[in-house]
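Trainee: Could you have a look at this structure, given as structure tokens, before my questions?
A short reminder: the numbers here are calculations on the coordinates, not readings from a lab. All values reported here derive from a predicted model rather than from experimental measurement. With ideal geometry, Cβ positions are generated from the backbone for all residues, glycine too; neighbour counts draw on all protein chains shown.
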Amino acid sequence: MKNNNFKFKELGNKIKLSKAEKEIYRDKMLEFINKETFIQKSDNKKSIASPFYFGLFIRRHLVLTSLVIILFLSTGLMVSADHAIPNDYLYQMRIKVIEPAQILLAPTAEKKNNLRVKFVDKSLNDFSSVSLKENINQEDKEALIESVSINIENLNNEINNSNKENNPSNSLKTANDLKSVLSSHKIILDKISETNPEITDAEILSLKIDEELDKTENIINTLAQKIQTPDDTNILDQKIDDQKEKINISLLALQNDIKMAKDSKSNSIVDLKEAEEKFTKIKDMTEEFNIKLEQGEKEKAIILYDQIIQKIDELELFIKINQENNIEIPDEKLENKKDVD
Amino acid sequence: MKQVEKNKEIFIKAYDDHSDAIFRYCLFRVFDREKAKELMQETFTKTWEYIIKDKGKIDNIRAFLYRVAHNMCVNEIIKNKAYSLDEMSEKAGFDPEDKNIRALEDETEIKILIEKIQLLKPNERDLLTMRYINDLKVSEIAKILNTLPNTVSVKISRAEESLKKLYQINEK
């Protein structure tokens, strides 16, 4: 291989764009970024602060929001807005008023975080389901992406704060919940951009989720290391017991899903062989998880648990999408085979 | 406004630093020089759109560029049917006007290496391209592929084994 490494390096040095090509492409890129920046600048509308009476209050946003909510409750508008989806006229109200207000009024930090995760999930779900049917208008799309970004940013801040307050177990739970939601939606968005390349925003959103997943994963790794301290031993043991139970329940549920898919024969379009392979892989990982615990490598077991849960979520989604939607699941093996052929 | 200018500066620097590497990465994915140039350009275009339209903050632009390039190449492969080996060699037939490449074509060993790389699975090809041709660290590849460095090391060893086997077949 050493000889090959040398050849590889030689290849790397020799295969590049010619000077002329590089100049042409660079000029084109500069032209593009100048044009795009100009469009962006002209799109930017500066908002002017209103000389509103409530501006006199220090916590004016809280007072204002409460008043708006009381008003909505009396008219039933809030209920309608809460169910609005992109392209509905009440959607902006849901994203900009109802959801932030619900978070604001949640009594504890934990409940606030649960709501944030729920809203990220809901927004991404809305994006996928609506964009498959019709184009989402620009304003709603921007509001949706902004809402997802803000909620994720706030969640990351809260996780860090909670960690500083020596509550890493809570932080880890929230971070795992967020990761699970983001991973599931990434699969859906990737599938959408593969099957419907015209929905370019799906790809952009998927890349954004990728970035966020990286951050969340780093947080999880840091937290998992922190949890492995003597002070937290009891909490950790309790946590591991919970994890074991969760894995067992999920495995049973999955086994049942696969069995049902097998029994339904003609109507099922699930690729059973692939589902079973994925299931076997999860079982192998679970065995590894148990071995790590027996060997006292709790930290590694926690990280592995996270991966197992992600795989379980993916398999659940795999079965669900195959059964309910027209979207086909990517077949990496087929792609590889095609390439080699 | 200052932020936009700063982003522009970082982006142009990234273009100058990484355009060759991204081009090589795409080339060893699609084995078509013209297509690889287009994919490289599109990778940077999409990244810029991401930066300005979504006000996205990118922590590691190199990793981000590879991820976009990977997605673009996968889409490209899905769109087009797989080429035969002869077609691939013909299409990859690096620009004959380029002096460097003409010299490269004279080197039989490297020619054989290119042929062997084409026979590898796409994932193996990706890993070897990133690790040995573009000289990325294992930790950087792990970040790009959203996986653990240990996993990447194992996969690279496997890809090296596959390449070795391909050489052995040739010798026999």
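Trainee: Using the Karplus equation 6.51 cos²θ - 1.76 cosθ + 1.60 (θ = phi - 60°), what ³J(HN,Hα) coupling, rounded to whole Hz, does each residue of region A:107-119 give in order, writing x for Gly and Pro?
Mentor: x, 10, 4, 5, 5, 4, 5, 4, 5, 4, 4, 4, 5
Trainee: Would you order A:THR108, B:THR47 from fewest to most other beta-carbon atoms within 10 Å of each residue's own beta-carbon?
Mentor: So the ranking, lowest neighbour count to highest, is A:THR108, B:THR47.
Trainee: Where in region A:87-160 are there chymotrypsin sites (Phe, Trp or Tyr not before Pro) that are in a DSSP coil and have at most 14 other Cβ atoms within 10 angstrom of their Cβ?
Mentor: A:TYR89
Trainee: Using Cβ counts within 10 Å as a stand-in for footprinting exposure, how do A:GLU146, A:GLU217 rank, fewest first?
Mentor: The most exposed by this proxy come first: A:GLU146, A:GLU217.
Trainee: What number comes out for the charge environment of B:PHE28, summing +1 per Lys or Arg and -1 per Asp or Glu over other residues with Cβ under 9 Å away?
Mentor: Here the count lands on +2.
Trainee: May I ask you to evaluate 6.51 cos²θ - 1.76 cosθ + 1.60, the Karplus curve with θ = phi - 60°, for each residue of region A:200-213 and list the ³J(HN,Hα) values in order in whole Hz, giving x for glycine and proline?
Mentor: Along region A:200-213, the couplings run 5, 5, 4, 5, 5, 5, 5, 5, 4, 5, 3, 4, 5, 4 Hz.
Trainee: For A:ASP82, what is the net charge nearby, where nearby means another residue's Cβ is under 9 Å from its Cβ and Lys, Arg count +1, Asp, Glu -1?
Mentor: 0
Trainee: Using each residue's phi in region B:144-156, evaluate 6.51 cos²θ - 1.76 cosθ + 1.60 at θ = phi - 60° and report the 3J(HN,Hα) Karplus result to the nearest Hz, with x for Gly and Pro.
Mentor: 3J(HN,Hα) across region B:144-156, in whole Hz: 4, 8, 6, 9, 8, x, 4, 4, 4, 4, 4, 5, 5.
Trainee: Roughly how many nanometres apart are two label points built 7 Å out from the Cα toward the Cβ at A:MET285 and B:THR147?
Mentor: Spacing of the two 7 Å Cα→Cβ label points: 1.2 nm.
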